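The values are calculated or read from the model by the stated rules, or taken from the named source; none is laboratory data. Given the structure is predicted, the values throughout are model-derived calculations rather than measurements. In this analysis, Cβ positions are derived from the backbone assuming ideal geometry, glycine residues included, and neighbour counts consider all displayed protein chains. Remember, those area values only see protein heavy atoms, side chains included, never the ligands or the DNA or RNA. Shrake-Rupley method; radii C 1.70, N 1.55, O 1.52, S 1.80 Å.
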Amino acid sequence: MKKVLVIAPHPDDETLGCGGTILKHRKNKDEVNWCIVTLGNKDMGHDKNHVNLWENIILNIQKQFGIKRVFKLGYPTGGLDQVPLFKLVDSIKSVIKKTNPDTVYINFSHDIHSDHQITFNAVMSAVKNFNFPNIKKILMYETISETEFAANLENKSFNPNYFIDISPYLEKKLSIFKKYKTEIMKENLPRSISNIKALAKFRGGRIGKKYAEAFVLILGIE
């Protein structure tokens, strides 16, 4: 049994980036835990009712995936640049100590959203092998509407080298994402249901499967 930790800068990134893979892990009886870095921001008008609404959505998503534990770090959405990096690193280390994962999924390093970039840097600082030798695999996932909008510069674009067949799980992934009602975009926009499905089909074609999720493998130890 694998022990998996999925780290998401915001709730919904996990479903977009590796929702099918999470379902596949659960089908294989692997343990999956979920760390959500940010949740609401008073400066953006997010009141207690807003946070409570998202708490309920997260609980629902947890049940749909069969995730064992959810860790909500509670940092302000869109405000990670105001958080001392050492504080964020320590929070992530605390989650890793509690979950003892061998596999970690994290967002792409150069996503256009600043929260994503800061989360990635904090995670990579936390997971140094002399801190956590139990971690054998680290994979970056793509988050549609964040990853593809990064500048297409050398070493800053998403070039996947690891693909996971999610053909049996794509429809459930889409069903779960629909729980994030406010995050679904209209047709022809990045987070429309048809566009999410199209990306999975495009990635599947790379490995001769109907649907797939794509990753960048940044650590792989056998």
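Diagonalise the Cα gyration tensor of the range 173-213 and give the resulting equivalent ellipsoid semi-axes, square root of 5 times each eigenvalue, largest first, whole Å.
Working: eigenvalues 89, 25, 6 Å².
For the range 173-213, the semi-axes come out at 21, 11, 5 Å.
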Can you tell me the Rg and the Dmax, both Å, for the Cα atoms in the range 11-60?
13.6, 42
What nm value, rounded to one decimal, do you get for the distance between M124 and S167 when each label is placed 7 Å out toward the C-beta?
3.5
Principal axis dimensions, largest first and in whole angstrom, of the chain by Cα:
44, 42, 39
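Determine one quarter of the surface area of the Cα convex hull of the range 25-99, which equals its mean projected area, and express it in nm² to one decimal. List each step's numbers first, then the result.
Details: hull surface 22.4 nm².
Averaging across all directions leaves 5.6 nm² for the Cα convex hull.
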Counting only heavy atoms of the protein chains, get the accessible area per residue of the range 33-142 (1.4 Å probe) and round it to a whole Å² value.
47
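Quick check: residue separation of S114 and N159 times 0.36 nm, minus the Cα distance between them. What number comes out in nm?
Numbers: separation 45, 0.36 × 45 = 16.20 nm, distance 1.98 nm.
Full extension of this stretch gives 14.2 nm more.
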Just to be sure I understand the model, the point goes 7 Å from the Cα along the line to the Cβ. What's the resulting R69 to N188 distance in nm?
4.7
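Determine the per residue accessible area of the range 166-211 with all protein chains present and a 1.4 angstrom probe, expressed in square angstrom.
62
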GNM on the chain, C-alpha springs below 10 Å: top fluctuator among P11, P133, P76?
P133
Taking Rh as the Kirkwood radius computed over C-alpha pairs, what is the Stokes-Einstein D of the range 117-202 at 10 °C in a medium of viscosity 1.306 mPa s, expressed in µm² per second?
103
In bins 5 Å wide, starting from 0, what share of all Cα pairs of the range 138-181 does each bin hold, as a percent?
5, 16, 19, 23, 19, 12, 6, 0
Give the distance, in whole Å, between the Cα centre of the range 164-222 and the Cα centre of the range 1-78.
17
How much of the accessible area of the range 135-219, probe 1.4 Å, is carbon plus sulfur, in whole percent?
52
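Would you calculate the volume per residue, in Å³, of the smallest convex hull containing every Cα atom of the range 102-146?
Working: hull volume 2.3 nm³, N = 45.
Considering the Cα atoms of the range 102-146, their hull volume per residue is 52 Å³.
State the Kirkwood hydrodynamic radius of the range 40-154 in Å, one decimal place, computed from all pairs of distinct Cα atoms.
Numbers: mean 1/r = 0.0635 Å⁻¹.
It works out to 15.7 Å.
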